[in-house]
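To start, the structure under review is shown below, and the notes come after it.
The values are calculated or read from the model by the stated rules, or taken from the named source; none is laboratory data. Just so we're clear, the structure is a prediction, and the values are computed from it rather than from any experiment. Cβ sites come from the backbone with ideal geometry, for glycine too, and all protein chains shown count toward neighbours.
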């Protein structure tokens with residue numbers, strides 16, 4: 001099978017630090033290559049992969065704030081869809097916007113939803129316009145956001161067990177890992193830690209749009225036991 005994977009371009013694949021969608025795409029891509037699938041990865045030019053790499057921009061968007069996001073993303077889409085007939089299947093990881101190209105090509109497109117259908121109401125009209133295309137959810141709960149879509153599977157996000165080894169004995173603290181935001185519930189993690197009387201380490205980025213939330217809801221609660229480590 002000749003498979004094209006359309007990766008997000010906010011961060012490189014795999015991410016150097018934060019970049020959850022990019023991490024999932026990397027694990028999927030490398031796993032398929034190991035299984036002798038002919039994979040072409042469409043991602044930022046600094047990405048590292050054993051698949052064929054095609055890039056419309058040299059660096060990810062968050063590494064180059066001067067780049068116009070909308071223009072860069074459509075260049076990224078165009079790079080793939082102009083070559084659609086080279087592939088047997090396109091796996092889209094960039095939400096609904098690439099779907100506008102699907103009526104113009106013969107190659108089938110499957111889309112993995114990374115929470116967007118549930119959280120971003122303004123995208124619903126576009127998803128519903130293409131509701132009969134195949135979709136993969138990352139949890140059954142995610143489907144509640146748009147139950148009208150044609151879900152063909154639920155595939156939970158995987159991890160590399162070599163990086164996250166199982167520890168049968170619990171540690172001495174709680175960990176919040178990822179992105180600080182109200183929707184991720186960083187403040188709830190603090191409440192849980194206090195209620196359980198356990199230390200909490202917060203290892204997460206603070207996006208620009210969440211600076212107020214961090215300063216008002218999180219920073220005042222930091223202490224020796226509630227620690228933000230960056």
What single numbered condition from (1) in contact with a strand residue (DSSP E or B) (Cβ under 8 Å, 6 or more places away or on another chain); (2) surrounded by fewer than 19 Cβ atoms within 10 Å (Cβ to Cβ); (3) under 19 Å from residue 155 (Cα atoms) fails to hold for residue 107? (3)
When restricted to 182, 193, the only residue more than 29 Å from residue 111 (Cα to Cα) and surrounded by 11 or more Cβ atoms within 10 Å (Cβ to Cβ) is 193
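Please count how many residues of region 112-133 are closer than 22 Å to residue 184 by Cβ and either part of a loop (DSSP other than H, G, I, E, B) or within 15 Å of the chain's Cα centre (by Cα) (or both).
9
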Return a yes/no flag: does region 134-145 have any residue that is at pLDDT 95 or above, more than 14 Å from the chain's Cα centre (by Cα) and under 20 Å from residue 8 (Cα atoms). yes
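When you check residue 206 against the structure, is it within 18 Å of the chain's Cα centre (by Cα) and assigned by TED's automatic domain parsing to the domain that holds residue 93, yes or no?
For residue 206, the condition - within 18 Å of the chain's Cα centre (by Cα) and assigned by TED's automatic domain parsing to the domain that holds residue 93 - is not met.
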Residues (surrounded by 14 or more Cβ atoms within 10 Å (Cβ to Cβ) and either at pLDDT below 90 or within 21 Å of the chain's Cα centre (by Cα) (or both)) located in region 155-174: 157
Determine whether region 26-40 contains at least one residue that is over 20 Å from residue 88 (Cβ atoms) and either at pLDDT 95 or above or surrounded by fewer than 18 Cβ atoms within 10 Å (Cβ to Cβ) (or both). yes
Got at least one residue in region 136-147 being in the same structural domain as residue 14 (by TED's automatic domain parsing), in contact with a strand residue (DSSP E or B) (Cβ under 8 Å, 6 or more places away or on another chain) and surrounded by fewer than 13 Cβ atoms within 10 Å (Cβ to Cβ)? yes
Would you mind telling me which numbered condition in (1) surrounded by fewer than 21 Cβ atoms within 10 Å (Cβ to Cβ); (2) within 25 Å of residue 129 (Cα to Cα); (3) under 14 Å from the mean Cα position of the chain (by Cα) residue 5 fails? (1)
Looking at 88, 121, which one is touching a residue at least 60 places away in the same chain (Cβ under 8 Å), surrounded by fewer than 17 Cβ atoms within 10 Å (Cβ to Cβ) and farther than 22 Å from residue 23 by Cα? 88
Qualifying positions in region 206-226 - in contact with a strand residue (DSSP E or B) (Cβ under 6 Å, 6 or more places away or on another chain) and loosely packed, with under 15 Cβ neighbours inside 10 Å: 222
With the requirement that a residue be closer than 11 Å to residue 6 by Cα and in contact with a strand residue (DSSP E or B) (Cβ under 7 Å, 6 or more places away or on another chain), what does region 90-103 give you? 90, 91, 92, 93, 94, 98
